[in-house]
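Let me begin by presenting the structure, written as structure tokens, before commenting on it.
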Amino acid sequence: MEFRIALVKGDGIGPEIVDSAVEVLQKVGRKYGHTFICTPYLAGGCAIDATGEPLPQETVDGCLMSDSVLLGAVGGPKWDKNPPAARPEKALLGLRKALGLYTNLRPARLYQALSGDCPLRPDIVEKGFDLMMVRELTGGIYFGDRGRREGKYGPEAYDTEAYSIMEIERIARVAFESARKRRKNLISIDKANVLETSRLWRETVHRIAAEYPDVTCTDMLVDNAAMQLVRNPAQFDVVVTTNMFGDILSDEASQITGSIGLLPSASLGDGTRGLYEPIHGSAPDIAGQNKANPIATILSVAMMLRYSFSLMEEADCIEAAVDQVLNAGWRTADLGGGAASLGTREMTEKILAEI
Ligand code: NAD
């Protein structure tokens, strides 16, 4: 098969980690007989420098013409003082909007080989965990009406949360489908004891649950979920929640794995095209020094193969290669490799060798 992939390398370590992931992708292509045609596009700080804007139209058009997008990371101190419209991060929101991506999938699992890095108690670590956070990405309070006004106690600020039944239904379906491909357990997180949007969320999720009798679906209040994630993360399989709750809980989930350099993510819409990226940022402190861990980006490519191209065996192959390299004891500096740490290039070579 043949696939067109837009490469948005971005800033900082973005180019290094995307190059590593593309090497892995091309090796998988040779092994399984697929052609991946990769075209680079500018976004973020590098695009501001080259064109004056964070997300040039050429990049949007290129991504819309591709079968999927692989993104490194954007941003860095050079552009931190830019006005809001000329900030690298504008590129991320712009791409999500242009590609109609309303679902964010973030898997978080504990690698037994790295369990020493997990900040949780040993008896919790022993049980391990492997969860998938499904976050609604384009609705809720981050996109609601906001402003400043004169209130009861003087000047005040407000943000509003609104969710339509359509938005809840479509994200719920993604979560149920995802649960079907995993351990068939879905936990829907809300704050239905207080928020009206959460009550509609709960009602709607329950209605969709009837279409998926093979999936066990339960509700959990967000405050309890924040606690349960550190108390007993093994209980979670697939989690579905709103934009803001998902933003917060997915960072919590990533931190209990022990490393930011390992975690991939996928943003999806209605079609098969997705945007795949590591969850970490552009790490300007280590950019260009061959120190970045490429694994999160390599695993993002595995997610692309699985979710956008339905190439399950090929995705498994990449994930197994990463497992084998970690089990063999190879580490980058962020994984506590110490003096024997591998650089970006060497870690990529180890993974390529396993494929
Ligand atoms: P960061 O994730 O870039 O870095 C946090 C720490 O983790 C740093 O010490 C960094 O060296 C380390 N780190 C991150 N990824 C690593 C990797 N693959 N291997 C080894 N170490 C790694 O977060 P930050 O420092 O808060 O942000 C830096 C820049 O990235 C900012 O401009 C921020 O806006 C941007 N950012 C972009 C994205 C994105 O593009 N999706 C996400 C988050 C932050």
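Does Gly329 qualify as being more than 9 Å from the ligand (Cβ to nearest atom), crowded, with 18+ Cβ neighbours inside 10 Å and not assigned by TED's automatic domain parsing to the domain that holds Thr241? Break it down stepwise before answering.
On the way: more than 9 Å from the ligand (Cβ to nearest atom): yes; crowded, with 18+ Cβ neighbours inside 10 Å: no; not assigned by TED's automatic domain parsing to the domain that holds Thr241: yes.
Considered against the rule, which asks whether it is more than 9 Å from the ligand (Cβ to nearest atom), crowded, with 18+ Cβ neighbours inside 10 Å and not assigned by TED's automatic domain parsing to the domain that holds Thr241, Gly329 comes out as no.
For the range 118-138, how many residues meet the condition of being surrounded by 16 or more Cβ atoms within 10 Å (Cβ to Cβ), part of a loop (DSSP other than H, G, I, E, B) and more than 17 Å from the chain's Cα centre (by Cα)?
Within the range 118-138, residues that are surrounded by 16 or more Cβ atoms within 10 Å (Cβ to Cβ), part of a loop (DSSP other than H, G, I, E, B) and more than 17 Å from the chain's Cα centre (by Cα) number 3.
Do any residues in the range 288-308 that are closer than 19 Å to Gly271 by Cβ have Cβ atoms under 9 Å from those of residues that are among the hydroxyl-bearing types (Ser, Thr, Tyr) and within 11 Å of the ligand (Cβ to nearest atom), where the two are at least six apart or on different chains, and which pairs are they?
Going by the 9 Å Cβ cut-off, the qualifying pairs are Ser300/Ser265; Met303/Ser265.
Which of (1) over 22 Å from Tyr307 (Cα atoms); (2) more than 23 Å from the chain's Cα centre (by Cα) is the odd one out, the single condition Tyr163 does not satisfy?
Failing condition for Tyr163: (2).
What tally of residues in the range 77-117 results from selecting those that are in a helix (DSSP H, G or I) and of a type outside the set (D, E, K, R)? Please lay out each step first, then the result.
Kept after step one, since they are in a helix (DSSP H, G or I), are these residues of the range 77-117: 77-79, 84-86, 90-99, 112-117.
Among the residues that remain, those that are also of a type outside the set (D, E, K, R) are: 77, 79, 84-86, 91-95, 98-99, 112-116.
Count: 17.
Looking for something open to solvent by 70 Å² or more (accessible area, probe 1.4 Å), touching a residue at least 40 places away in the same chain (Cβ under 8 Å) and part of a loop (DSSP other than H, G, I, E, B) - is there at least one such residue anywhere in the range 167-184? If you could, list the steps in order and put the result at the bottom.
Of the residues in the range 167-184, the ones open to solvent by 70 Å² or more (accessible area, probe 1.4 Å) are 173, 177, 180-181, 183-184.
Within this subset, residues satisfying the condition of being touching a residue at least 40 places away in the same chain (Cβ under 8 Å) are 183-184.
Of the ones still in play, those that are also part of a loop (DSSP other than H, G, I, E, B) are 183-184.
Looking for residues that are open to solvent by 70 Å² or more (accessible area, probe 1.4 Å), touching a residue at least 40 places away in the same chain (Cβ under 8 Å) and part of a loop (DSSP other than H, G, I, E, B), one finds at least one in the range 167-184, hence yes.
Do the conditions hold for Gly12, that is, is it farther than 13 Å from Leu95 by Cα, touching a helix residue (DSSP H, G or I) at 6+ places or on another chain (Cβ under 6 Å) and surrounded by 24 or more Cβ atoms within 10 Å (Cβ to Cβ)? Explain how you work it out, then say what you get.
On the way: farther than 13 Å from Leu95 by Cα: yes; touching a helix residue (DSSP H, G or I) at 6+ places or on another chain (Cβ under 6 Å): yes; surrounded by 24 or more Cβ atoms within 10 Å (Cβ to Cβ): yes.
When the stated conditions are applied, Gly12 passes them.
Kindly indicate the residue of the range 248-297 that is assigned to a loop (DSSP other than H, G, I, E, B) and of a type in the set (Ser, Thr, Tyr) and also farthest from the ligand (Cβ to nearest atom) among those meeting that condition. So that I can check it myself, show each step before the final result.
Narrowing the range 248-297 to residues assigned to a loop (DSSP other than H, G, I, E, B): 256-259, 263, 269-273, 279-283, 287-294.
From what's left, of a type in the set (Ser, Thr, Tyr): 257, 259, 272, 282.
Values: Thr257: 13, Ser259: 8, Thr272: 22, Ser282: 4 Å.
For the range 248-297, the residue satisfying everything is Thr272.
Go through the range 61-86 and give me each residue that's buried (at least 19 other Cβ atoms within 10 Å of the Cβ) and more than 16 Å from the ligand (Cβ to nearest atom).
Step one: list which residues in the range 61-86 are buried (at least 19 other Cβ atoms within 10 Å of the Cβ), which gives 62-63, 66-76, 79.
Of everything in the range 61-86, those that are buried (at least 19 other Cβ atoms within 10 Å of the Cβ) and more than 16 Å from the ligand (Cβ to nearest atom) turn out to be Gly62, Ser66, Asp67, Ser68.
Out of curiosity, is Arg306 in contact with a strand residue (DSSP E or B) (Cβ under 7 Å, 6 or more places away or on another chain), more than 16 Å from Asp334 (Cα to Cα), open to solvent by 10 Å² or more (accessible area, probe 1.4 Å) and assigned by TED's automatic domain parsing to the domain that holds Asp11?
Values: in contact with a strand residue (DSSP E or B) (Cβ under 7 Å, 6 or more places away or on another chain): no; more than 16 Å from Asp334 (Cα to Cα): yes; open to solvent by 10 Å² or more (accessible area, probe 1.4 Å): yes; assigned by TED's automatic domain parsing to the domain that holds Asp11: yes.
No.
Determine, yes or no, whether Ile48 is β-branched (Val, Ile, Thr) and within 16 Å of the ligand (Cβ to nearest atom). Reasoning before the result, please.
Values: β-branched (Val, Ile, Thr): yes; within 16 Å of the ligand (Cβ to nearest atom): yes.
When the stated conditions are applied, Ile48 passes them.
Is there any pair linking a residue in the range 44-57 that is open to solvent by less than 50 Å² (accessible area, probe 1.4 Å) to one that is at pLDDT 95 or above and aromatic (Phe, Trp, Tyr), with Cβ under 7 Å and at least six apart or on different chains, and which?
Within 7 Å, the pairs are Gly45/Trp79; Ile48/Trp79.
(1) open to solvent by 30 Å² or more (accessible area, probe 1.4 Å); (2) under 24 Å from Ile256 (Cβ atoms): which one isn't true of Leu105, the others all being true?
Tallying (1) open to solvent by 30 Å² or more (accessible area, probe 1.4 Å); (2) under 24 Å from Ile256 (Cβ atoms), Leu105 fails exactly one: (1).
The values are calculated or read from the model by the stated rules, or taken from the named source; none is laboratory data. Only a predicted model underlies this, so the values are computations on that prediction, with no experimental measurement involved. Counting neighbours? That spans all protein chains shown, and the Cβs are built from the backbone with ideal geometry, glycine included. For the accessible areas, the whole protein counts, side chains as well, though only heavy atoms, and no ligand, DNA or RNA atoms are used. Shrake-Rupley method; radii C 1.70, N 1.55, O 1.52, S 1.80 Å.
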